[in-house]
Amino acid sequence: MRLSVDEAFRRYGDRVFSAAFSICRSREDADDTVQDTFLKYHTQNADYADESHLKAWLLRVAINRARDITGAFWRRNRVSWEDNMNELEFEQPEDRSLFEAVMQLPEKYRIVIHLHYYEEYSIEEISRTVRRSPGTVKSQLNRGRKLLKSILTEDGNHD
């Protein structure tokens with residue numbers, strides 16, 4: 001199976017951006033990641049078994065590219081993700097609060113939380129995408145949920 005770049009972008013561009021932003025924490029870097037991901041898709045004339053395989057490949061490439069970008073020296077010395085929040089659009093006000101809480105999580109929890117809840121990936125799919133054992137993914141999901149709960153509870157107590 002092979003989609004045109006335009007069709008792949010139309011179907012998965014927002015998901016790739018969202019995954020990239022959860023790692024980069026910057027709209028510009030997430031946009032660069034999306035561009036790099038779809039450029040790689042365009043140049044790598046591969047066929048995919050089905051749409052879920054294509055989606056998983058795109059997310060894997062985006063996660064790797066986003067990590068490369070965030071690891072760069074110039075990137076580590078730039079504006080914080082909070083400064084980019086006003087550029088993002090949310091359907092509901094509580095979506096913004098939840099997103100802000102997720103962004104406070106350490107990267108290893110943020111990625112698995114994002115893939116599980118926003119992309120609706122199973123433990124096995126996350127395991128293959130992030131190249132960690134299913135047990136590690138389950139553990140990171142549980143720890144991420146606990147941290148998220150404490151962040152949301154703490155935020156609620158300050159109101």
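The values are calculated or read from the model by the stated rules, or taken from the named source; none is laboratory data. As the structure is a computational prediction, the values presented were derived from the model and not from experiment. Because the Cβ atoms are built from the backbone with ideal geometry, glycine has one as well, and the counts that use them run over all protein chains shown. We work out accessible area using only protein heavy atoms, side chains counted, and drop any ligands, DNA or RNA first. Shrake-Rupley method; radii C 1.70, N 1.55, O 1.52, S 1.80 Å.
Here is a yes/no grid of residues against (1) more than 19 Å from V102 (Cβ to Cβ); (2) at pLDDT 90 or above:
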position	(1), (2)
T33	no, yes
D36	yes, yes
D50	yes, yes
L54	yes, yes
W57	yes, yes
N64	yes, yes
E87	no, no
F90	no, no
> Can you find even one residue in region 113-128 that is of a type in the set (D, E) and open to solvent by less than 50 Å² (accessible area, probe 1.4 Å)?
Replying inline: yes
>> So, K108, is that one open to solvent by 70 Å² or more (accessible area, probe 1.4 Å), modelled with pLDDT of 90 or more and either more than 17 Å from the chain's Cα centre (by Cα) or of a type in the set (D, E) (or both) or not?
In response: no
>> For region 1-26, which positions are in a helix (DSSP H, G or I), in contact with a Phe, Trp or Tyr (Cβ under 7 Å, 6 or more places away or on another chain) and surrounded by 18 or more Cβ atoms within 10 Å (Cβ to Cβ)?
In response: A8, F9, S18
> Is it true that some residue in region 134-146 is open to solvent by 50 Å² or more (accessible area, probe 1.4 Å) and in contact with a Phe, Trp or Tyr (Cβ under 9 Å, 6 or more places away or on another chain)?
Replying inline: yes
> Of all residues in region 27-57, how many are loosely packed, with under 14 Cβ neighbours inside 10 Å and not in a helix (DSSP H, G or I)?
Replying inline: 6
